[in-house]
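In what follows, a single structure is set out as structure tokens and then discussed.
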Amino acid sequence: MQAAADAAAGSPASRVLVLGATNVPWALDGALRRRFERRIHVPLPDRHARASLLRSHLGTDCGGGGGGGGRGGCAIPPADVDALAAACAGWSGADIGVAARDAALAPLREVVRAAALRPAGPHDDDRGGGGGGGGGHPFLPPAAGRRRHRYVPCAAGDPRAVPGLTAATLPEARLAVRPLRAADVAAALRSGRPSVARADVERHRQWTREYGQDGS
């Protein structure tokens with residue numbers, strides 16, 4: 001990297017941009033550090049950025065106030081997305097992605113682990129069989145057929161339960177998956193932990209005060 005920086009600096013006509021990134025800037029020796037005219041600290045995402053990351057990972061309809069379009073997908077209102085973003089302060093973008101993926105699986109786990117299944121009814125309109133067309137769940141294909149041909153989880157003693165019917169015996173498109181809820185994301189955040197230690201954050205800030213500039 002130092003050789004590349006020297007080569008770029010030695011040619012006035014050169015239009016080569018040398019861009020480097022490191023999580024341990026204090027490990028750079030002084031000679032290499034001086035080769036970089038701009039030393040910019042990119043901090044952990046702030047609340048606004050965390051909310052944007054959650055919306056990006058959970059789906060375009062998440063936090064849009066539309067309730068997931070009534071066909072599975074995401075039923076988290078904007079206010080709840082902002083509250084969830086506040087709850088994961090100190091998390092990196094990668095940490096938020098892990099939690100979001102875990103949360104997105106919660107509605108599917110509910111179907112797979114159900115004691116029994118029953119036909120979807122009029123009050124199950126907020127469930128979808130998957131993605132496509134109506135903001136469905138990103139991990140399932142589009143629903144096929146009308147609502148009466150799809151099934152939802154229920155208790156084993158439910159009189160509407162179909163004997164012997166399980167998620168393993170049905171095509172994925174026949175399973176009605178409920179929308180993702182704020183409670184699913186909150187549970188994923190409670191079970192997860194940030195990967196960046198507070199001491200490391202402070203060490204980055206100290207190095208930036210001495211040698212760099214804040215890029216937030």
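The values are calculated or read from the model by the stated rules, or taken from the named source; none is laboratory data. These numbers come from a predicted model, not from an experiment. Backbone-built Cβ (ideal geometry, glycine too); neighbour counts: all protein chains shown.
A residue that is at pLDDT 90 or above, outside any loop (DSSP other than H, G, I, E, B), over 12 Å from the mean Cα position of the chain (by Cα) and crowded, with 16+ Cβ neighbours inside 10 Å occurs somewhere in the stretch 71-80. Close Cβ contacts (under 9 Å, 6 or more residues apart or on different chains) running from residues in the stretch 90-106 that are surrounded by 15 or more Cβ atoms within 10 Å (Cβ to Cβ) to residues that are assigned to a helix (DSSP H, G or I) and among the polar types (S, T, N, Q) comprise Gly97/Ser56; Ala99/Ser191; Ala100/Ser56; Asp102/Ser191. Of all residues in the stretch 153-188 being surrounded by 19 or more Cβ atoms within 10 Å (Cβ to Cβ) and of a type in the set (Gly, Ala, Ser), which is farthest from Trp91 (Cα to Cα)? The selected residue is Ala161. Residues in the stretch 157-183 that are over 25 Å from the mean Cα position of the chain (by Cα) and closer than 22 Å to Leu105 by Cα: Leu165, Thr166, Ala167, Ala168, Thr169, Leu170, Pro171, Arg174.
Results for (1) of a type outside the set (Phe, Trp, Tyr); (2) in contact with a His (Cβ under 6 Å, 6 or more places away or on another chain); (3) in a helix (DSSP H, G or I); (4) modelled with pLDDT under 90, shown as yes or no for each residue.
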site	(1), (2), (3), (4)
Thr22	yes, no, no, no
Trp26	no, no, yes, no
Ala31	yes, no, yes, yes
Glu37	yes, no, no, yes
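If you check Ser195, Ser191 for being exposed (fewer than 11 other Cβ atoms within 10 Å of the Cβ) and closer than 25 Å to Ser56 by Cβ, only one passes: Ser191. For the stretch 153-212, the set of residues classified as assigned to a loop (DSSP other than H, G, I, E, B), closer than 24 Å to Arg50 by Cβ and of a type outside the set (Gly, Ala, Ser) consists of Pro179, Arg181, Arg193, Pro194, Val196, listed by residue number.
Collect the residues in the stretch 198-216 that are β-branched (Val, Ile, Thr) and either more than 30 Å from Pro25 (Cβ to Cβ) or surrounded by 16 or more Cβ atoms within 10 Å (Cβ to Cβ) (or both), keeping them in residue-number order. Hit for the stretch 198-216 is Thr208, nothing else.
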